[in-house]
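The structure appears right after this line, and notes come after that.
The values are calculated or read from the model by the stated rules, or taken from the named source; none is laboratory data. Note that the structure is a prediction, hence the values are computed from the model and not measured. Note: ideal-geometry Cβ built from the backbone for every residue, glycine included; neighbour counts use all protein chains shown. With ligands, DNA and RNA removed, areas are computed over all heavy atoms of the protein, side chains included. Shrake-Rupley method; radii C 1.70, N 1.55, O 1.52, S 1.80 Å.
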Amino acid sequence: MKVAKIILALALTASLIFALTSCTCKPDSIEEEKVTQPETMSTPSAISSQSEIAKPSAGSDEVVMIGNRIVDIGNKVYPIYFEFDKSELRENSRETLSELAQWMKNNPSVDIRIDGHCDERGSNEYNLALGENRAASAKKYLVYLGISPDRLETLSYGEEKPSCAESTESCWRENRRDDFILTRK
Amino acid sequence: MVSIMKNRKYFLSNSVIATLILILLFVCTNAGLPARLEAKVYLELDSPNLRRIPLSVAPLQPLCGFEEDLEIALEGHKILVDDLEFSTFFELLDDPSRHLEKSRRCGLSLGSFDFRNWSLIGAELLIKTGYSISGNKLVVEFRLFDTLAGKMIVGKRYRSRKKNLRLLFHKFANQVVKNITGLPGEFTSKIAFCGHHKNQSAQELYSCDYDAHGRNQITKNNSINISPAWSHDANKLVFTSYRRNNPDLYLIDFLKGKETRLTDRRGINAAAAWSADDRHLTLMQRYEEHSEITIISAASGETLRRLTKSDANQASPCWSPDNSEIAFVSDRSGNPQIYITAIQEGGLWRRLTKEEAYNSDPDWSAHNNKIVFTSRVGGIFQICTITPDGNNHRQLTFSRSNCEVPCWSPNGRHILFTKKISGVQQLMMMDDKGRNLKQLTFDKMGKKSPSWSVNR
């Protein structure tokens, strides 16, 4: 008990010294800084999106299109579809592409762009490469069927332009596709 | 001194008398303290049992002769508390001074208040803040104190416009983290991401603060814009845009307010990442039948080196911290895996990931030398980390919905990624161990491919 009292006395003295030393400290020096907001973050230019392409002429009425996207030639339905993480053509896709090749031969003035797409699963960046492979598969087959490569462009949208927005198996199936776009009639 | 700090915590929980003895001890040892207090290490970051340092943020008070503005006082206090809590370094003690410092005479500077008010409740660090407002002008004075040593660690006075209030408080929070840990803070960093609305084809780029405040639309071209990446000085952003019917690489220089097209190679120009000195970019570009990894000049877009030439697709390159190696994705094994190669010509590849059949989107931290990536585990994408030697594979998320495209915070303490919540991809954050999960965004716009800048 006595010890505790001594300790308490010592401690109180100490805190008094502490308080005194605190007061005698030099005034604190503070760095000063003028703050401005970093540059505003907006690009000045607003560049227009892709230009509209004219509908095919009345002569090519065997082709059905939505905008400039081919959806039907001779009862073959487009786009063509792929398995998950694959870019090999299915058997029925080959038949569909044969119909397209025939139509392109009958209409020598038309050019086509093939857009490769993926479903939303997996890496967006890796899917860009996969989409390009899907477009390239179709191009390779059309060239094999006798279409000049000069008439065929490819473009990969990866998973950035789905045709169906839900996260369901049926939607994913619909999104793993090649679209065929008329770029010159 | 560190041992005294540790001892002190033990004594505190026992008795007040013991605490007072410690003050005596402190006074005795005071003379022997090193003159340069900044040199003191408050947190050993490598310690496996890193504890959070108890810290109090005193309520803000108007500077001498100025009016109180309760709105600013509360907002400023909240910013400091939120920042420092988020940092994972501090245990924030809940505003105890309401009971401790009733008197207005308790000032900001040394000697004008009693440290014991704070050390008694366990606060080892204390932040005192004063502010003044006149018209549009805002002045804020911050002081960080070591309550045990009874010393000021750092003091700053900031002058700015009132609308920059958040920036001022974030700046001082950075300062606190810097002084206590030696690491940069994360609080004036920016996040860039792509945003898209359901059933709309356009995807524009946006930016926001690390805490999701101040969202700003960067691109307005009504096209598809993807893969934004901040330069290391945070003044430039590269991204890929479809505005000319090809995924071309663009650069925005925010200082010059200028946008340029860097590369428009037919096929793909995407997934760019900056070298440490911001002079070079590595990206994926289409060659022959595959996507390959290249290095280009960030100034001219000129191709400097084609890094890969294979019969498979390569994607998502990123630099090692010393810029001697690149980690990237390749499906040469039949499915996407992460590999590392030296940037010298003919560099051999070594496969980094072996655990699952689908690994992608690597990001290599300059601060902890870990690589964070996405891995498909049991059909769901999760966030994992690994060291460049292929060891220390850790799964950090165990989510029932997909977690994707992770990237490191500017000091390597946090990971930013996307997670699908109620059908919408949202931005999420967690610390480098997968703890302290935080949902950053809640609106209906889907968000993809985030990039996290250094402090601006």
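For residue B:67 and residue B:213, what does the FRET efficiency come to when R0 = 25 Å and r is the distance between their Cβ atoms, rounded to the nearest 0.05? Before the final figure, lay out the partial values.
Values: r = 26 Å, r/R0 = 1.04.
In this case the efficiency is close to 0.45.
Quick one, what does Rg over Rh come out to for segment A:63-184 if you take C-alpha atoms and the Kirkwood Rh? Spell out each step's value before the answer.
Numbers: Rg = 13.5 Å, Rh = 14.2 Å.
Rg/Rh: 0.95.
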Computed ³J(HN,Hα) along segment A:103-113: with the Karplus parameters 6.51/-1.76/1.60, θ = phi - 60°, integer Hz and x for glycine or proline, the list is 4, 5, 5, 6, 10, x, 8, 7, 10, 10, 10
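Ranked from highest to lowest mean number of other Cβ atoms within 10 Å per residue, what is the order of the peptides B:260-269, A:160-169, B:171-180? Show your work: numbers first, answer last.
Working: B:260-269: 19.8, A:160-169: 15.7, B:171-180: 22.4.
Going by the mean number of other Cβ atoms within 10 Å, highest first, we get B:171-180, B:260-269, A:160-169.
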Summing +1 for each Lys or Arg and -1 for each Asp or Glu, what net charge is found among the other residues whose Cβ lies under 9 Å from the Cβ of residue B:384? -1
Amide hydrogen neighbours beyond the local backbone of residue B:153, cut-off 5 Å, H modeled: B:144, B:145, B:146
Table column - 3J(HN,Hα) (Hz), segment B:352-365, Karplus curve with 6.51, -1.76, 1.60, x for Gly and Pro: 8, 9, 9, 6, 10, 8, 9, 10, 8, 6, x, 9, 9, 7
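How high is the relative contact order of segment B:233-280, in percent, with contacts defined as C-alpha pairs under 8 Å that are six or more residues apart? Please list the in-between numbers first.
Numbers: 73 pairs, mean separation 15.8, N = 48.
Over segment B:233-280, the number comes to 33 percent.
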Work out the mean other chain Cβ neighbour count within 10 Å for the residues of B:160-169 and drop it here as an integer. 2
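Need one number for segment B:218-301: average projected area of the convex hull over its C-alpha atoms, nm². Mind showing how you got there, number by number?
Details: hull surface 20.8 nm².
Value for segment B:218-301: 5.2 nm².
Report the percentage of all Cα-Cα pairs in chain B whose separation exceeds 33 Å, rounded to a whole percent.
Numbers: 45186 of 103740 pairs.
Counting every Cα pair in chain B, those more than 33 Å apart make up 44 percent.
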Would you mind giving the total buried accessible surface between chains B and A, with a 1.4 Å probe and ligands, DNA and RNA left out, rounded to the nearest 100 Å²? 6100
Simple spin-label estimate for residue B:278 and residue B:387 in nanometres, 7 Å along Cα-Cβ: 3.2
Using only Cα atoms, figure out Rg for segment B:189-455 and give it as a multiple of 2.2 N^0.38 Å. 0.93
For segment B:352-423, which semi-axes, largest first and in whole Å, follow from the square roots of 5 times the eigenvalues of its Cα gyration tensor? 19, 15, 8
Taking all protein chains as present, what is the carbon and sulfur share of the accessible area of segment A:77-171, in % to the nearest whole number, probe 1.4 Å? 47
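Before anything else, pin down the relative contact order of chain B: Cα pairs under 8 Å, at least 6 apart, normalised by residue count, whole percent.
Values: 1033 pairs, mean separation 42.0, N = 456.
It comes to 9 percent, rounded to a whole number.
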Sum of side-chain charges, residue B:75 neighbourhood, beta-carbon under 10 Å (Lys, Arg +1; Asp, Glu -1): 0
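Quick one: if the Förster radius is 35 Å, what FRET efficiency do residue B:202 and residue A:168 give, using the C-beta to C-beta distance and rounding to 0.05?
Numbers: r = 23 Å, r/R0 = 0.67.
Efficiency, from the Cβ-Cβ distance: 0.90.
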Just grab the label-to-label distance for residue B:233 and residue B:444, each label 7 Å out from Cα along the Cβ direction, in nm (one decimal). 4.2
For segment B:242-385, what percent of Cα pairs sit more than 27 Å apart? 22
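Return the average number of partner chain Cβ atoms within 10 angstrom of each residue Cβ along peptide A:156-163. Could the numbers behind the result be given before it?
Working: counts 8, 5, 6, 2, 11, 5, 4, 0.
Counting other chains' Cβ atoms within 10 Å and averaging over A:156-163 gives 5.
Per the helix-only calculation at 222 nm, which mean residue ellipticity applies to chain B, given -39500 (n - 2.57) for every DSSP H run of n ≥ 4 and division by its residues, nearest 500 deg cm²/dmol?
Details: 6 runs with 68 residues, N = 456.
Using -39500 (n - 2.57) per qualifying helix, the result is -4500 deg cm²/dmol.
Over 19 Å apart: what share of the alpha carbon pairs of segment B:53-201 falls there, rounded to a whole percent? Show your work: numbers first, answer last.
Working: 5807 of 11026 pairs.
In whole percent, the share of Cα-Cα pairs in segment B:53-201 beyond 19 Å is 53.
How charged is the neighbourhood of residue B:362? Take every other residue with its Cβ under 12 Å from the Cβ of residue B:362, and add Lys/Arg as +1 and Asp/Glu as -1. Walk me through the numbers on the way to the answer.
On the way: positive: B:370; negative: A:125, B:325, B:361, B:363.
So the environment of residue B:362 carries a net charge of -3.
Once you have the Cα-Cα distance between residue A:90 and residue A:64, take 0.36 nm times their residue separation minus that, and quote the gain in nm to one decimal.
Working: separation 26, 0.36 × 26 = 9.36 nm, distance 2.25 nm.
Full-extension gain reported as 7.1 nm.
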Starting from the Cα of residue B:45, move 7 Å in the Cα-to-Cβ direction to define the label point; list residues of segment B:152-175 whose amide nitrogen is under 16 Å from there. B:174-175
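Which of the peptides B:110-120, B:244-254, B:293-303, B:429-439 is most tightly packed, and how do the rest follow, judged by the mean count of other Cβ atoms within 10 Å per residue?
On the way: B:110-120: 19.2, B:244-254: 21.0, B:293-303: 17.5, B:429-439: 15.5.
Put in order of decreasing packing, that is B:244-254, B:110-120, B:293-303, B:429-439.
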Distance in nm between label sites at residue B:303 and residue B:421, each 7 Å beyond Cα in the beta-carbon direction? 4.3
Once normalised by the length of segment B:189-455, the mean sequence separation of its alpha carbon contacts under 8 Å that are 6 or more apart gives a contact order in percent of 14
Please give the residues of segment B:397-416, grouped as numeric ranges, whose backbone N is less than 15 Å from a label point set 7 Å along the Cα-to-Cβ vector of residue B:435. B:397, B:413-415
